[in-house]
1. Can you compute the helix-only [θ] at 222 nm over the chain? Use -39500 (n - 2.57) per DSSP H run of at least 4 residues, normalise by all residues, nearest 500 deg cm²/dmol.
2. How high is the relative contact order of region 264-358, given as a whole-number percent (alpha carbon pairs under 8 Å, six or more residues apart)?
3. Hand me the trypsin sites (Lys or Arg not before Pro) from region 102-175 located in a DSSP loop with no more than 14 other Cβ atoms within 10 Å, in residue order please.
4. Any number yet on Rg/Rh for the chain, C-alpha, Kirkwood?
5. Under a point-charge model restricted to the Cβ atoms of Lys and Arg (+1) and Asp and Glu (-1), what is the dipole moment magnitude of region 24-176 relative to its Cα centre, in debye to the nearest 20?
6. Work out how much length residue 243 to residue 376 would gain on full extension: take 0.36 nm times their residue separation and subtract the Cα-Cα distance, in nm to one decimal.
7. Send over the per residue convex hull volume for region 62-102, Cα only, as a whole number of Å³.
8. Considering the chain as a Gaussian network with a 10 Å cut-off on Cα pairs, which listed residue, 44, 125, 62, attains the greatest mean-square fluctuation?
Amino acid sequence: MSEAMPRVVIVGGGFGGLAAAKALRKSNVEVIVIDRQNHHLFQPLLYQVATSVLSPGQIASPIRGILKRQRNTTVILGEVTGVDVERRRVFVDSMDRVGVAVEYDYLILATGASHSYFGHDEFEPFAPGLKSLADAVSIRNRILQAFEQAEAEEDPKRHDDLLTFVLVGAGPTGVEMAGAIAELVRQSLRSEFRRIDPTSARIILVDAGKRVLGAFPETLAAAATRRLEKLGVEVRLGHGVEHIDADRASVAGEHIASKTVIWTAGVAPSPAGTWLHAATDHAGRVRVQPDLTVSGHPEIFVVGDTASLDQDGRPLPGVAQVAIQQGRYAARLIRRRITGQAALKPFRYFDKGTMAVVGKGFAVLHSGWVNLSGFLAWMAWAAVHLQFLAQSSLRVSVFVQWVWTYLTGQRGARLIVNYHESRSWAKPSIQDAASKGGNGREQ
Ligand SMILES: Cc1cc2nc3c(=O)[nH]c(=O)nc-3n(C[C@H](O)[C@H](O)[C@H](O)COP(=O)(O)OP(=O)(O)OC[C@H]3O[C@@H](n4cnc5c(N)ncnc54)[C@H](O)[C@@H]3O)c2cc1C
């Protein structure tokens, strides 16, 4: 479209999109990053916001701020709703306009994933998933409100369902959430209530699989299970959830009375495949070529959670490192094309390893031949996660909070915040005040 400077439009300022944008900073291209959120979110620490360790501002940064020194890059807050592959443009709904066409020479789609309820979308209102900051704050509210509601309830018989937390899905997010809720109730909340004993709370982790952390080696899964059980988490494997409503979750015919069910199971990709009318895998992720482009469209790249690519006969996992490495690869390939250099070798993911935390001071780590569990793995987990936060100010703030929480058990953001405007019922209007003799109080 443009004569001199080719334009690269990147949809999504998550791990993949941001990595691509940064890799293009010295290139002779115009970069436009479009995201429906104004911030880049560090999803691996979302569970710590949901369990009150960190506050939202400690795991997210404005995309505009991260890219402020990148003169060739413009950031647009807007939601992409479709792609016209023939005329090379995307359609964007922004704050006050609908369907604005933004043209591109190269397009990188890095739109991530959302929750999948495996065909049971009716569970969603009762079992929220954890994907965004809003989800994390909403889950934090639910967990903390359950304790407040139980404390206000005089009848002890009605405490049980309020203090039963069910987590559906024993992958890394479910395991991390379960461990963090256990620490919350046994450490931070234990001495603050009078009518209830927070340590009596039940935390139940359910999965249809035969073990927790299915993607980890068996020894690490067993170590994580032992640790969870030591923290008081009930691990129930081999049966999926059959039903969820406002009062219960049903597993293997048993009705577990619970007011707080959290969905930590499946993910569904963004609708990028529908926009492109491209081939997708069984989960709906766009099948990409070995160079991450879409078949028949060498100018369109799809990276990260919304792309599907096999390596050594197995699909690449939906993790941050895949998205980052793919984002960088797409940027390098675009640079080479523009400068007339030879194409790159097909994309190859370099697996640096996977980790999951199970409560305070304990993690499991799998990297190549190394399988580690315990405190050392937790130190490695902490170092890696600090390193990958988007800005140095966040690294300092999260590090200080972790040390504080580790030493004192106190959490950084144990707040119930419902995001609606404050009500004015406590403040009478000027007219009311005048009619009641000036100070607004009933005479
Ligand atoms: C709770 C949780 C814990 C996780 N823990 C780990 C972990 O410990 N280690 C690990 O490696 N991975 C972890 N992951 C997975 C990891 O976060 C993802 O693999 C990674 O974020 C994928 O990067 P991405 O760029 O594809 O998508 P994302 O990082 O999700 O970014 C997608 C971006 O696209 C934007 N977007 C989406 N649709 C549109 C649209 N239509 N228009 C405009 N913008 C749009 C979104 O706002 C978002 O900013 C975790 C994920 C979750 C949810």
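1. Taken over the chain, the calculation gives -8500 deg cm²/dmol.
2. Relative contact order for region 264-358 comes out at 20 percent.
3. On the way: sites: 131, 140, 142, 157, 158; in loops: 131.
Hits after loop and neighbour filter: nothing returned.
4. Numbers: Rg = 24.2 Å, Rh = 23.7 Å.
That ratio equals 1.02.
5. That gives region 24-176 a dipole magnitude of about 1180 debye.
6. Result for the pair: 43.9 nm of gain on full extension.
7. Per residue, the Cα convex hull of region 62-102 comes to 81 Å³.
8. Most flexible of the set in this elastic network: 125.
We did not get these values from a lab; they are worked out from the coordinates using the rules stated. Treat the numbers as computed from the prediction; the structure is a model and nothing was measured. Cβ atoms come from the backbone with ideal geometry, glycine included; neighbour counts cover every protein chain shown.
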